[in-house]
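Notes for the one structure printed next.
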Amino acid sequence: MSDLTTTLDRARRLMAAATDTAARHRGHHDDDARSAGTLPDPTGILARLGLDGSTRPRTNMPRTDPLRTDPLRTELPDLGLSTGSGSFTPPDLTSLLSQLIPAGVSGGAATAGRAAAAAAPGGRVERRTYNGPSGSRDYELYLPTGLGTEPVPMVVMLHGGTQNAVDFAAGTGMNALAEQHTFVVVYPEQSRTANPQGYWNWFRPQDQSAGSGEPDVLAGITRQVIADHPVDPGAVYVTGLSAGGAMAAVMAATHPDLYAAAGVHSGLGYRSATDVGSAFAAMSSGGSPTAGGSVPVIVFHGAADHTVAPVNADKIIAARVSGTGSTVQTTRGGGAHGDRGYRRTAHIDAAGTVLAENWLVDGAGHAWSGGNPVGSYADAAGPDASAEMVRFFLSHRQRISASA
């Protein structure tokens, strides 16, 4: 019981810190959601913890509740705990964590508008289902009009929490780039059975290894599309936003034979967390990610991201380039005509290969940089993360052995 209470208390303190941070940063593009003076509560977790935007306890609890003096513990019954003298049933901490990690700035247009934006480039959109030994997931597939019989690259896109394939396609504009460069795009969708808010379970040990859990499912989807369509197996890439970005880091680390490069937008490093408590800590501190292996990585992060701290980007890059002896080149750009400025740091090995790029976007929050606001969690003002990721991806190829 003490470990559980500690974890939940940490959640309360982090939400309180987030509220204070939001109050100090009014004036950013996403502050309209905070105009009422409270922290947005899109999943209802603040209410479930007995807190409002100013982290005060709710006052409508029964006076007979013996735990009422503690604003966290008064809500334990709502979290599935029995506080009687017998025993208690632990809550679903995976679900609880998913609710405590918002995917980004809320907003966007109606579902119909997102579907129109996702399909606008003119290619063919297909909805499929993958079934494998570790589970099944639906996914959407974008096949560009230029697709013929010659193998083309493929990008696997992992959405953030509360999003779906259509929303993510609309917000990132990746399908338009697929038309321009002729590549296939795959959008796996998280099951609400696996996670009620649609977050990839990047922080669970069973979902951090090849051959099990969600990595096995996502690798299965990737291989299924390669088998069914003219995809170049040496030019397959994976990227994602927030929890999807964290899962992209997992896929790069666990399947270096499958992905030629990876992108992480507003996400966390591989094994920066292995349970609920460490996940909360990693959101603010970056944790201690495990080395991500040999896959080149491009990272985008907003400098004003108060959901997943920018230090996470630094930790991802440091884990990737550790021991490589790479040189560093830093450039600054943007900042004109109302656009956001940015700092791009490239890590280059002795052969001239860019092992990693780190894009820190001035003033940006927890949203896809340069995205289309018709989709959720997209910031139109920043540099185009989708275009830069595609540029980075297409400059890297996987070495496929003759026996593969």
Self-check item: Lone qualifier among TYR142, TYR130 - being hydroxyl-bearing (Ser, Thr, Tyr), under 16 Å from GLU189 (Cβ atoms) and surrounded by fewer than 21 Cβ atoms within 10 Å (Cβ to Cβ)
Solution: TYR130
Quiz item: Looking at ASP362, is it modelled with pLDDT of 95 or more, open to solvent by 10 Å² or more (accessible area, probe 1.4 Å) and under 23 Å from THR254 (Cα atoms)?
Solution: no
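Residues checked against (1) open to solvent by less than 10 Å² (accessible area, probe 1.4 Å); (2) in a helix (DSSP H, G or I); (3) without any contact (Cβ under 8 Å) to a residue 24 or more places away in the chain:
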site	(1), (2), (3)
PHE168	yes, yes, no
ALA176	no, yes, no
VAL185	yes, no, no
VAL236	yes, no, no
MET247	yes, yes, no
GLY263	yes, no, no
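Would you call GLY334 touching a residue at least 24 places away in the same chain (Cβ under 8 Å), open to solvent by 20 Å² or more (accessible area, probe 1.4 Å) and small (Gly, Ala, Ser)?
yes
Which residues, taken from segment 337-351, are part of a loop (DSSP other than H, G, I, E, B) and open to solvent by 50 Å² or more (accessible area, probe 1.4 Å)? Even if it seems obvious, please write down each step before you answer.
Residues of segment 337-351 part of a loop (DSSP other than H, G, I, E, B): 337-340, 349-351.
Selection gives HIS337, GLY338, ASP339, ALA350, ALA351.
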Quiz item: Which residues, counting only those in segment 222-234, are closer than 22 Å to LEU355 by Cβ and open to solvent by less than 10 Å² (accessible area, probe 1.4 Å)?
Solution: GLY234
Quiz item: Here are some residues: ALA303, ALA367. Which one is open to solvent by less than 20 Å² (accessible area, probe 1.4 Å), hydrophobic (A, V, I, L, M, F, W, C) and in contact with an Asp or Glu (Cβ under 9 Å, 6 or more places away or on another chain)?
Solution: ALA367
Self-check item: Lone unmet requirement of (1) open to solvent by less than 40 Å² (accessible area, probe 1.4 Å); (2) under 24 Å from GLY382 (Cβ atoms); (3) not in a strand (DSSP E or B) for ILE298
Solution: (3)
Quiz item: Name the pairs: first residue in segment 338-352 and within 19 Å of ALA318 (Cβ to Cβ), second residue acidic (Asp, Glu) and outside any strand (DSSP E or B), Cβ to Cβ under 9 Å, at least 6 apart or on different chains?
Solution: ARG343/ASP362; ARG344/GLU388
Exercise. Identify, by number, the condition in (1) open to solvent by less than 10 Å² (accessible area, probe 1.4 Å); (2) part of a loop (DSSP other than H, G, I, E, B); (3) out of contact with any His (no Cβ under 8 Å at 6 or more places or on another chain) that GLY198 doesn't meet.
Key: (3)
Self-check item: SER278 open to solvent by 10 Å² or more (accessible area, probe 1.4 Å), farther than 24 Å from ASP167 by Cα and either in contact with a Lys or Arg (Cβ under 7 Å, 6 or more places away or on another chain) or assigned to a loop (DSSP other than H, G, I, E, B) (or both)
Solution: no
Exercise. Return the only residue of ALA252, ALA261, ALA313 being within 17 Å of the chain's Cα centre (by Cα), within 16 Å of PRO383 (Cβ to Cβ), modelled with pLDDT of 95 or more and not β-branched (Val, Ile, Thr).
Key: ALA313
Exercise. Given the conditions (1) within 22 Å of the chain's Cα centre (by Cα); (2) over 20 Å from GLY263 (Cβ atoms); (3) not basic (Lys, Arg), report the number of the one that LEU143 does not fulfil.
Key: (1)
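The values are calculated or read from the model by the stated rules, or taken from the named source; none is laboratory data. The shown structure was predicted, so the numbers you read here are calculated from the model rather than taken from an experiment. In this analysis, Cβ positions are derived from the backbone assuming ideal geometry, glycine residues included, and neighbour counts consider all displayed protein chains. Calculation scope for accessible area: heavy atoms of the full protein, side chains included, ligands and nucleic acids excluded. Shrake-Rupley method; radii C 1.70, N 1.55, O 1.52, S 1.80 Å.
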